[in-house]
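Here the structure is laid out as structure tokens; the discussion comes afterwards.
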Amino acid sequence: MSSEHAPPSFKEAGFHCPHCGVYAHQNWFDVALEGGSDDPGETLSLGTCERCSRFSLWIDGMMIYPPSADLPLPRMEMPQGVREVYLEARRTLDASPRAASALLRLAIRALIAHLGETDDIAENLKNLNKRGLDEKIQVALRRVRMVGEDAVAPGMIDSGDGEETARALFEILNLIVDALLVQPRRVDEMLGKLPEGE
């Protein structure tokens, strides 16, 4: 199992699957596509994940399916329900950045509710800042209209959302998971290995 993210790479024996997000062995198959008399044609390659059995499609070494495979995968520590919405947004981005942004706003609200103590996202963010969430993340959430006067209502599609907003929301979601779930666990693991003080 690889600890660092290994993005999909043509004909590699293993990488993090763009579908299930798990580092897994990939099986490869080639099909030659014939062109005209002066055209040697293209090579269509199919990589299949041994973990989830889903495939990636490549033409002349460039992945064409699944779309948006260059997006970051969700952190493994992300709660399952939030992770499912994240992956749905990832599959949606190429077709509709606005729909992906709406899904990601729902996922962020669900994550903040999971980590927080109230139904009010702004109140939860104040509490999460006290637990170590960088205040800059709150600034970023305001800029992508998660909080503040210009906030977009949950589940609503904002006509002003583009790909940049969606990509920022993917990053913000992973940053929150890293700050509030991954880092505290790593600190606890480190402390567990150290002798207790006098």
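Annotation: the residues Y23, Y65, Y86, sorted from fewest to most other C-beta atoms within 10 Å of their own C-beta, follow the order Y65, Y23, Y86. Basic side chains Lys and Arg get +1 at the Cβ, acidic Asp and Glu get -1 at the Cβ, and with that the dipole of region 80-193 about its Cα centre reaches some 280 debye.
Please work out, to two decimal places, the log10 of the ratio I(q)/I(0) at q = 0.12, 0.15, 0.19 Å⁻¹ from a Debye calculation in which every Cα of the chain carries one identical scatterer. Normalising to I(0) and taking log10 leaves -0.71, -0.96, -1.26. Computed from the Cβ-Cβ distance with R0 of 25 Å, the FRET efficiency linking K126 to E77 stands at 0.65.
Given the -39500 (n - 2.57) contribution per DSSP H run of 4+ residues, what per-residue ellipticity at 222 nm results for the chain, rounded to the nearest 500 deg cm²/dmol?
-12500 deg cm²/dmol, from helical runs alone.
3J(HN,Hα) couplings calculated from phi for region 176-186 with the Karplus curve 6.51 cos²θ - 1.76 cosθ + 1.60 (θ = phi - 60°) are, in sequence order, 5, 4, 4, 5, 9, 10, 6, 4, x, 5, 5 Hz; Gly and Pro show x.
Of all aspartates and glutamates in the structure, the ones whose alpha carbon falls short of 13 Å from that of K11, not counting any fewer than 8 places away in one chain, are D30, D60. Cross-link reach is defined here as a Cα-Cα straight distance under 27 Å, omitting same-chain residues fewer than 8 places apart; for K126 the lysines meeting it are K136.
The numbers here are math on the coordinates, done by the rules we state, and not lab data. In this text the structure is predicted, and so the values were computed from the model without any measurement. Reconstructed Cβ throughout: ideal geometry from the backbone, glycine too, with neighbour counts over all protein chains shown.
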